[in-house]
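The values are calculated or read from the model by the stated rules, or taken from the named source; none is laboratory data. Source: prediction; values computed, not measured. Here the Cβ positions follow ideal geometry from the backbone for every residue, glycine too, while neighbour counts run over all protein chains shown. Accessible surface areas use protein heavy atoms only, side chains included; no ligands, DNA or RNA. Shrake-Rupley method; radii C 1.70, N 1.55, O 1.52, S 1.80 Å.
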Amino acid sequence: MDYENFFKNVISKIKAEGRYRVFIDILRNVQNFPKATRFIDDGLKDDQVTVWCSNDYLGMGQNQTVISAMKRALDTCGAGSGGTRNISGTTHYHVLLEKELADLHEKEASLLFTSGYISNEATLSTLASTLPGCYVFSDELNHSSMIQGIRSSGAKKIIFKHNDIDDLKNKIASIDLNFPKIIAFESVYSMDGDIAPIEKIANIAKDYNALTYLDEVHAVGMYGNRGGGISQELGISNDIDIIEGTLAKAYGVMGGYITGSKYLVDTVRSFASGFIFTTSIPPSIAAGAIESVKHLKVSDEERHKQKSAVKQLKEKLLKTNIPIIHNNSHIVPILVGDPELCKKASDLLLKDYKIYVQPINYPTVPRGTERLRVTPTPLHNSEMINYFIDSIEKVWSTLNLRKKVA
């Protein structure tokens with residue numbers, strides 16, 4: 001077999017379909033976010049760009065207290081953790097961070113992972129394989145990491161229609177009440193920005209003897225009076241068995257985690273390969289995360305400013321008749337509906353207007369729903385928002401893109 005030619009053809013195919021991913025080479029400007037320096041192909045610096053698609057939703061990656069804590073940790077104990085959590089890689093920073101996260105969600109325990117992907121994959125695969133004869137009920141739009149975790153467990157998987165309470169209830173009612181069950185779903189779905197009916201799902205779980213597994217990665221830090229996510233905002237954190245989150249979005253650093261009861265978390269700690277055999281996150285990252293979580297437990301300033309920026313952008317976009325997906329979250333999906341045009345729109349915004357918004361194409365979203373996913377932060381001011389609106393209207397006109405019917 002000609003391996004090189006085979007892989008060349010694989011890449012040629014996705015390029016022909018207009019969904020080849022191009023990574024934009026940037027350096028964020030410390031204390032000047034959302035500005036960043038872009039590097040072009042030959043490595044030379046290009047002009048400054050404004051980033052509109054970052055998952056650093058609250059700009060905490062630029063927070064001086066967070067940065068200072070990371071520097072102190074580097075000076076205190078060096079760069080890496082030195083091992084897995086079991087073999088020398090549990091520094092005091094890791095222990096303190098897990099205490100902060102358990103407190104954030106009012107749970108008995110928490111467990112830190114290297115990423116949100118790993119926390120989902122490792123936890124769901126461990127729980128579903130440990131519970132004998134387990135059924136996992138999974139929302140059809142769950143993240144790839146959740147899907148992979150369920151698949152790896154070998155448990156029986158039943159997919160329910162997205163945020164469809166009736167479909168979930170009908171399907172779970174068909175399974176013997178005594179069989180172990182897990183309902184796995186997200187709070188904020190990252191591509192459409194819609195929010196799950198968490199309370200109703202929690203009630204179904206109680207009625208049918210199921211554990212609830214809630215992915216709050218796009219909500220932690222953002223919602224709730226202490227940043228505990230949508231479940232905290234609704235006052236129902238205690239009704240959710242496992243709350244999973246990330247430190248790589250609103251908290252501005254990296255890593256993932258779960259929170260739950262003492263013995264459930266300890267079971268994952270004791271059996272999850274993705275936890276046991278992975279070097280722990282650097283202590284400097286854990287130190288920064290501690291300060292970020294602490295800060296957002298008591299500060300609402302970032303959340304208020306961010307919500308104001310989102311509201312302003314959505315209202316102005318509505319007046320342009322450029323199609324957006326309506327939701328109640330901080331995510332602003334602008335619909336294009338064609339992979340090549342979506343890439344062209346992104347390229348034009350970057351080249352002509354110095355606006356960086358990454359195109360989102362299949363398989364991240366279904367074919368025909370390609371989009372620009374915009375995420376305003378507290379640091380996107382009114383001048384930036386007005387410039388964005390003016391620029392995207394010009395791009396829509398240049399490419400003759402579809403507008404919604406007024």
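Please name which of A289, N328, N361 has its Cα lying farthest along the dipole of the range 263-363 towards the positive end, using unit charges on Cβ (Lys, Arg +1; Asp, Glu -1) and the Cα centre as origin.
So the residue we want is N328.
How large is the charge dipole for the range 343-395, taken about the Cα centre, if only the Cβ atoms of Lys, Arg (+1) and Asp, Glu (-1) carry charge, to the nearest 20 debye?
Dipole size: approximately 280 debye.
Let's see if you can work this out: charge +1 on each Lys and Arg Cβ, -1 on each Asp and Glu Cβ, no other charges. What is the dipole magnitude of the range 1-154 about its Cα centre, in debye to the nearest 20?
Using only the charged Cβ atoms, the result is roughly 180 debye.
Could you compute the FRET efficiency for T320 and N86, with r as their C-beta to C-beta distance and R0 at 51 Å, rounded to 0.05?
That gives a FRET efficiency of 0.40.
Please report, as a whole percent, how much of the solvent-accessible surface of the chain comes from carbon and sulfur atoms (probe radius 1.4 Å).
Carbon-and-sulfur percentage of accessible area, whole number: 52.
What shape does the range 1-158 take by its C-alpha gyration tensor, where a ≥ b ≥ c are the square roots of the eigenvalues and a/c under 1.5 counts as rounded, a/b above b/c as prolate, and the rest as oblate?
Oblate shape, in that a/c is at least 1.5 and b/c is the bigger or equal ratio.
Quick one: dipole size for the chain, taken about the Cα centre, charges +1 on Lys/Arg Cβ and -1 on Asp/Glu Cβ, in debye to the nearest 20.
Once rounded to the nearest 20, the dipole reads 560 debye.
Taking the Cα-to-Cβ direction at F6 and at S68 and moving 7 Å from each Cα, how far apart do the two end points lie in nm?
A separation of 5.6 nm, rounded to one decimal place.
Towards the positive end of the charge dipole of the range 176-335, with charges on Cβ (+1 Lys, Arg; -1 Asp, Glu), say which of G227, S299, I243 has the farthest Cα.
With unit charges placed on the Cβ atoms, the residue in question is S299.
I want to check a number: in the range 317-403, how many lysine pairs have alpha carbons closer than 21 Å, given a sequence separation of 8 or more or different chains?
The result is 12.
When we measure straight from the Cα of K307, which aspartates and glutamates land under 15 angstrom away, once same-chain ones fewer than 8 places off are left out?
D56, E233, E315
Among A79, L379, I159, which residue has its Cα furthest toward the positive end of the charge dipole of the chain, with +1 on Lys/Arg Cβ and -1 on Asp/Glu Cβ?
Highest projection toward the positive end goes to L379.
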